[in-house]
Amino acid sequence: PSDLVTIVGNLLDNAFDAVNAAAAPGRDKEVSVDFLSTADRLWIEVRDNGPGLSGEALHKAFDLGYSTKPAHAQGRGIGLALVRQAVRRLQGEITVEYDDGTVFTVGLPLAEAAR
């Protein structure tokens, strides 16, 4: 369960940071998290309508120390690296894509997610 907290907590923290940093006048801030259980996997999707990740940021998002946050931001470059580490520990996979914001999708084997 602590790995699940690490995964969901850090993804949600980043999503809220993204929508708060990119508050466009007249545009609602949106963050959502969905959980889906299939026969053998737990799927977690965290979506926001912030500025999104593209190009280099999509490829480096999980690298320890990489961040799109301002240099003075606290804890920058750590959260997504911890997410990737927790996903790997649970023998899962994670993807990130741009779709009018950022979408992180995590798939975890049910047996590992239940640990």
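Structural remarks
- Looking across region 49-66, the residues that are open to solvent by 20 Å² or more (accessible area, probe 1.4 Å) and not in a loop (DSSP other than H, G, I, E, B) come down to Glu56, Leu58, His59, Lys60.
- Once region 1-36 is narrowed to residues that are of a type in the set (S, T, N, Q) and either in contact with a Pro (Cβ under 7 Å, 6 or more places away or on another chain) or open to solvent by less than 80 Å² (accessible area, probe 1.4 Å) (or both), the residue that is modelled with the lowest pLDDT is Asn14.
- Residues (in contact with a helix residue (DSSP H, G or I) (Cβ under 8 Å, 6 or more places away or on another chain) and not in a loop (DSSP other than H, G, I, E, B)) located in region 1-41: Asp3, Leu4, Thr6, Ile7, Asn10, Leu11, Asp13, Asn14, Val31, Val33, Ser37, Arg41
- Considering the conditions (1) basic (Lys, Arg); (2) at pLDDT below 90; (3) open to solvent by 80 Å² or more (accessible area, probe 1.4 Å), Lys69 is excluded by exactly one of them, (3).
- Scanning region 100-115 for residues that are at pLDDT 80 or above, under 18 Å from the mean Cα position of the chain (by Cα) and aliphatic (A, V, I, L, M) turns up Val103, Val106, Leu108.
The values are calculated or read from the model by the stated rules, or taken from the named source; none is laboratory data. The structure presented is a predicted model; accordingly, all values stated were derived computationally and were not measured. Every residue, glycine among them, receives a Cβ derived from its backbone with ideal geometry; neighbour counts consider all protein chains shown. For accessibility, only protein heavy atoms count, side chains too; no ligands or nucleic acids. Shrake-Rupley method; radii C 1.70, N 1.55, O 1.52, S 1.80 Å.
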